[in-house]
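A short worksheet on the structure shown next.
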Amino acid sequence: MKNTKMKEISVKKQIINKAILNRFIYCSLAVFIILAICFVIVWGGRPYREKLNEGDISMKNIYAPFDFSVKDGVDKETTAKLKQQAYQQVKDIYAIDKKASERIYGKLNNFFDKIIDLRKKELPNEENLAELLYKEFNLKLAFRQISMLLETERLEDLHKIGKDILQYVIEAGLIADSTIQELNNKDINSILVYKDNKLEEVGLKDILSEDIIGEFVRDKLIKHFPDDKVIRDAMFSLIIAVVEPNVRFDSDMTQQKKEEAESKVLPVYKRVFVKQNEQIVERGQRVNKKQIKLLSTIDQVQQGENGVEYILGIGAIVVLFALSLLLFIYIYHQSFFNINSLLLMGLLILFLLGVAKAIIVSPLSSYLIPLASVSMLIAILLNFHLAIFVTIFLSFITGLMVGNGLTIAIVFFIGSVFSLFMLRNIRSRVKILKATLIVSSVNFIAIVALGYFQNLDYETFFTQSLWGIGNGFLSGLLVMGLLPIFEYVFNITTDISLLELSDLNHPLLKEMILKAPGTYHHSLIVGNLSEAACEAIGANFLLARVASYFHDIGKIDKAEYFSENQIQSQSKHDKLTPDMSKLIIIKHVKKGIDLAKKFKLKQSIIDIIAQHHGTGLVFYFFKRALDEKMDEVEIDEEYYRYPGPKPQTREAAVVLLADSVEAASRALSGPTPSSIKSLVRKVINNKFIDGQLDECNLTLKELNKIAEVFIRILTGVFHSRIEYPEELNKEEL
């Protein structure tokens, strides 16, 4: 038991380590491809044109490849207006007057010092005392309030509460009513207040003013003295008497900020605007200083002389595209989330960008860049939807490489998408030629249409459209040449190669018809069943049909041990033990894999050969072993199962079901539509219950469609015929 647990832990560790290794490989591969793409895009290389200096004679007409503008001296008038606007937009700045704040605290402290001093002296009458406080502090208090202050034991508390309220008022800032009125007259709703070493914009409704300070102070005092009106009124009168506005306009700081804003305004330059396809230099013309400046601007944009910013920008775009592509594959096409597919896509993208860069720096037109070739290769080798996704990115990025070439990006995208639609369900290489013609035609139409739209002269867009036609033929040639190479190097099974394998004259199939004719006939029927079922559920029916032809090639070696090839009534298994019979039956899967590898069949077909029995039970010999077993012998069911793996794809699962159904249908005596229907449902249900379909992504709805197809085809195969009367002899007439 302990050893079993240790083994399980060891297996789990191996799985975790393998997953970590795979992630590291994926990340390393992605980083390498992204860096390589960025390098190709920003790699130095000047778009082709003669190296012209001022005064040289141009040997060709030079046109602007995109819209751009260049500086042409400072626009003093516009710059002055902008500076003035910036100066005027700075709001007046107000600041907390520290001296006013100190005076407020000083008045409060003096008052309480006076009260303490009065306590030590003989008190005058109430009128003289009230008059004394009014003259000294401008404070009108009733005699009972004065008496309370002189006699209270809470004098220190009152002093502290007063300080706290004043501190809040001082920190918040108190503004004069006259200032508020002046700001309202100017329709100013907020001001900038400098406090705590920073500027803060404060709305006039949110700042304390003399008009609302009384209400604010009264609310604070009620919280401290909710039940003592005498103290509350006395403290209110005291605070209102000592407080004064401490927020005042700061002219020096306002002027400083206005000057800073004015100085930040950059000079505005006059600009010369150049439209795409506008002629910059005429053939035979002497080049002037202004034209050199325009040509230099084009070079700077096209070769990316913006330095680090340009590289970072391109890198960010490529990284975002790579992440979006990986997410797209991971969510919608997980079967392509492997090193083989990702490396293939990366190499194709690098190939296209390398060719694009070579064409851009050559005297050839950028319309010759064969973007459609990569789109077609990805569609044929991998997936139609991935091809569209990559086409969008490549159209965009090649446009950037050419130099804001939106026109070129549009032409490339339209031509490539049309070619992709032509390659859906490709069954022969002739379709590639048709796609080539489509790309050439669409490129021609798109370039001419955009030429009319941009008001180009006839000669210009006609010449460009010819390059577009050449683009289509170059793309087709590249696809024809590179497709077999990529198929071989990456061991990819395309529909074209499947069609070639579907030829029944294949050496393995010819050997099968000679040595195992029953298996050959069985394979043909399984192929028909699998093809129809896969077509019904939207799976790769061509792969299923071809794989069905080869799924039992392992039976060729010992064909006589399989029931469909036995001519004699006596089975060779009658003289063998169940164990030995089981080994012979199960071994045909491994034999089939070895033969498939020997004859260099595609990996997708080898996988289906390995999975077409899953981990199913060899029921006949398992039951025989149970019947023959001795009492003390325990029969292990797992020993009588195929090694697997279970079907990993829908196509492999369909072949497994078709194989099982076809084999079971041979045992029917007097098959009828109802018995065939019952048999098909029973076989599929048993495979489902046995867990053979757990690792493929077939749904119950698809299983139902598969069953209906099997029932329809088998009913046709076993259809009944009418009994024809025998021909009568002439003597019987």
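Below are the figures for this structure:
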quantity	calculated
Net charge over other residues, Cβ less than 11 angstrom from the Cβ of Asn246 (K, R count +1; D, E count -1)	+1
Unit charges on C-beta of K, R, D, E only; dipole of the range 196-309, Debye	1140
Under 12 Å, Cβ to Cβ, from Tyr87 - net charge with Lys/Arg +1 and Asp/Glu -1	+3
Which of Gly203, Gln255, Ile298, positive extreme of dipole for the range 196-316 (C-beta unit charges)	Ile298
Long pairs among Lys114/Lys223; Lys598/Lys682; Lys81/Lys186; Lys76/Lys275, criterion Cα-Cα beyond 28 Å	Lys598/Lys682
Check: the range 150-226 dipole with +1 on Lys, Arg Cβ and -1 on Asp, Glu Cβ, in debye	120
Diffusion constant of the range 632-694 at 37 °C, which comes from Stokes-Einstein with the Kirkwood Cα-pair radius and 0.692 mPa s, µm²/s	246
Loop-located trypsin sites (Lys or Arg not before Pro) in the range 154-223, at most 11 other Cβ atoms within 10 Å (DSSP)	Lys186
Extension gain (nm, one decimal) between Tyr105 and Glu511, 0.36 nm per residue minus Cα-Cα	135.0 nm
Contour minus Cα-Cα distance for Met580 and Lys76 (0.36 nm per residue)	171.4 nm
Coil-residue GluC sites (Glu not before Pro) of the range 618-712, DSSP, other Cβ within 10 Å capped at 15	Glu632, Glu634
Ascending count of other beta-carbon atoms within 10 Å, so fewest first, for Met580, Met480, Met422, Met376	Met580, Met480, Met422, Met376
Net dipole in debye of the range 497-717 [+1 Lys, Arg Cβ; -1 Asp, Glu Cβ; about Cα centre; nearest 20]	500
Subset of Lys582/Lys701; Lys572/Lys705; Lys357/Lys434 violating a 29 Å alpha-carbon distance limit	Lys582/Lys701; Lys572/Lys705
For Ser209, residues with placed amide H under 5 Å, excluding near neighbours	Ile175
Long-range HN-HN contacts of Tyr94 with modeled amide H, under 5 Å	Leu192, Val193, Tyr194, Asp250
Trypsin sites (Lys or Arg not before Pro) lying in DSSP loop within the range 536-604, provided at most 13 other Cβ fall within 10 Å	Lys600
Out-of-range pairs (alpha-carbon distance over 25 Å; input Lys590/Lys623; Lys91/Lys195; Lys602/Lys687; Lys515/Lys575; Lys98/Lys198)	Lys602/Lys687
Cβ-based charge dipole, the range 497-717, positive-most Cα from Val655, Gly518, Phe622	Gly518
Bins of 10 Å from zero: percent of alpha-carbon pairs in the range 579-708	12, 36, 34, 16, 2
Taking Val355, Val411, Val31 and counting other C-beta atoms within 10 Å, the order from fewest to most	Val31, Val355, Val411
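No lab work stands behind these numbers, since they all come straight from the coordinates. Because the structure is predicted, anything quoted here is derived from the model rather than measured. Positions of Cβ are backbone-derived with ideal geometry, glycine not excepted, and every protein chain shown enters the neighbour counts.
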